[in-house]
Amino acid sequence: MIPDDDPRRDAAGETLDPARTADRTPTTPWASADAPLVDRALLSQRRHAPGWGARAANALVLLAGLWLLAAPFVLDYPPWNDVVVGLLLVATAVPRVLRPASTPWTGVAQALLALWLIAAPSVFGYRGDADVVTGIAVLVIAGSTAALAFAGRGARPPEAGPR
């Protein structure tokens, strides 16, 4: 057992991997090499691991898809466009909620569906305020998760080595 004041422990008391201690550098003038404010090795591991953020964002897209399935009947307007887009949003959100790292392309598909949802009221000539608002929300969520998913694909953890 390693004592709490041992230098092989970080500020949170977690045991450090000896191979990763070289990555622990001060990030601000008031941090020291002995007690950095940010453990860069830990941040690197978290950035490359699929987390709750992608799941939560796609859970919101899933809810938006379910709303689109119900909205035409609740707000009394032609249902076919919203039902189709809602089903497609649900179909693309479920895999991303279950396994976020394996399906980064779904964010792009969701963003394209959101753009269609924003344009559809003008194309078909119906009052679709709910479609536009939902489309903007899905576009922001899906666009950001797609950008983050594809930005993270090019970066590799330090231990992975060259490509």
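Brief remarks follow.
- Selection from segment 113-131 of residues that are free of Cβ contacts under 8 Å to residues at least 24 places away in the same chain and either surrounded by fewer than 16 Cβ atoms within 10 Å (Cβ to Cβ) or outside the structural domain of Leu89 (by TED's automatic domain parsing) (or both): Ala119, Ser122, Val123, Gly125, Asp129
- Qualifying residue in segment 79-90 (condition: modelled with pLDDT of 90 or more, among the acidic types (Asp, Glu), assigned by TED's automatic domain parsing to the domain that holds Val140 and within 29 Å of Thr145 (Cα to Cα)): yes
- Being hydroxyl-bearing (Ser, Thr, Tyr), modelled with pLDDT of 90 or more, part of a helix (DSSP H, G or I) and surrounded by 14 or more Cβ atoms within 10 Å (Cβ to Cβ) is a property that Thr134 has.
- Hits in segment 86-99 (condition: buried (at least 16 other Cβ atoms within 10 Å of the Cβ) and either in contact (Cβ under 8 Å) with a residue 40 or more places away in the chain or out of contact with any helix residue (DSSP H, G or I) (no Cβ under 9 Å at 6 or more places or on another chain) (or both)): Leu89, Arg96, Val97
The values are calculated or read from the model by the stated rules, or taken from the named source; none is laboratory data. Here the structure is a predicted model, which means the values were calculated and not measured. Here Cβ is always computed from backbone atoms with ideal geometry, including for glycine, and neighbour counts include all displayed protein chains.
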